[in-house]
Amino acid sequence: MSTAHIVSAFDRDLEAAQARVMRMGGLVEAALLDAAEALDRRDEDLAARVRTGDQAIDALEEQINTQCAQLLALRGPTAGDLRTVLTVMKIAAALERSGDYAKNLAKRTAVLAQMTPVPGASGAIRRLAKAVVQMLTDALDAYIRRDVKLAEDVRTRDRDVDQMYNSIFREFLTHMMEDPRTIGPCMHLHFIAKNIERVGDHATSVAEQVIYLVTGEMPGDDRPKVDSTGTRD
């Protein structure tokens, strides 16, 4: 088998894996937006579709990992190509976890549909979800374009998402102190907001993988975080 044929086969297989990553990213973005919309509209059917749709996201990650393992075992990639394969696998892992957070959001949405609404909460959650989805979209665009500047911009915006989350958290605390009847729904809403904020962290991780792919080095500075709630998940 000629070297040119081997290179061509590697490129073809890698492109197929990258195409799956983009497909996976699109499904995750849609799941997050649909889950936020289901919360806003108290739409249990839409929330159920988000939960079911997570299976397709998981299946794509499995396919990507299998394909990348074959590339590593059979194609013997050079240093630059090896970095690309490893980046694809790490991005897929971040997307799969983000899909899990969207599913968790949808699960709590079904519970919240049976509770008294908290004024302004669903709109704030939806705005947070849109900001995070835009981060994820830009991080994946940065990967396709190998755009370090855009990837750095995504990292910076994680701070804005943290601030949005902190504002929502304080708003929920105010509701709970003023009306103990809101404690139950506010606790569910807080976990939803935290899940969405964590997707922002995964979008930032994707952006950092882009920087690693292009430069060969992970960003040296610590990621700016302003989560003042003291929560961990």
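The values are calculated or read from the model by the stated rules, or taken from the named source; none is laboratory data. Here the structure is a predicted model, which means the values were calculated and not measured. A quick note on method: Cβ atoms are made from the backbone with ideal geometry, for glycine too, and the neighbour counts reach across all protein chains shown.
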Next on the checklist: Take the conditions closer than 20 Å to L32 by Cβ, surrounded by fewer than 19 Cβ atoms within 10 Å (Cβ to Cβ) and modelled with pLDDT under 95 and apply them to T215. Does it pass?
Outcome noted: no
Next on the checklist: Going through E29, E15 one at a time, which residue ends up being crowded, with 17+ Cβ neighbours inside 10 Å and closer than 16 Å to L140 by Cα?
Outcome noted: E29
Next on the checklist: So, in the stretch 72-82, exactly how many residues are under 21 Å from M24 (Cβ atoms) and not in a helix (DSSP H, G or I)?
Outcome noted: 0
Next on the checklist: Within the stretch 83-99, does at least one residue satisfy the condition of being part of a helix (DSSP H, G or I), more than 21 Å from D141 (Cβ to Cβ) and either in contact with a strand residue (DSSP E or B) (Cβ under 7 Å, 6 or more places away or on another chain) or not aliphatic (A, V, I, L, M) (or both)?
Outcome noted: no
Checklist entry - If you go through the stretch 107-114 one residue at a time, do you hit one that is assigned to a loop (DSSP other than H, G, I, E, B) and surrounded by 17 or more Cβ atoms within 10 Å (Cβ to Cβ)? => result no
Checklist entry - Somewhere in the stretch 185-207, is a residue in a loop (DSSP other than H, G, I, E, B) and either touching a Cys at 6+ places or on another chain (Cβ under 7 Å) or modelled with pLDDT of 95 or more (or both)? => result no
Next on the checklist: Anything in the stretch 73-83 that is more than 16 Å from L213 (Cβ to Cβ) and either within 26 Å of the chain's Cα centre (by Cα) or not aliphatic (A, V, I, L, M) (or both)? List them, or say none.
Outcome noted: R75, G76
Checklist outcome for this item: Those residues of the stretch 126-144 that are closer than 25 Å to H190 by Cβ and out of contact with any helix residue (DSSP H, G or I) (no Cβ under 6 Å at 6 or more places or on another chain) come to a total of 3
Item to check | Condition broken by D160, with the remaining ones in (1) surrounded by fewer than 18 Cβ atoms within 10 Å (Cβ to Cβ); (2) within 28 Å of A48 (Cα to Cα) satisfied | outcome: (2)
Next on the checklist: Tell me the residue from M177, M164, M115 that is under 23 Å from the mean Cα position of the chain (by Cα) and within 30 Å of E44 (Cβ to Cβ), please.
Outcome noted: M164
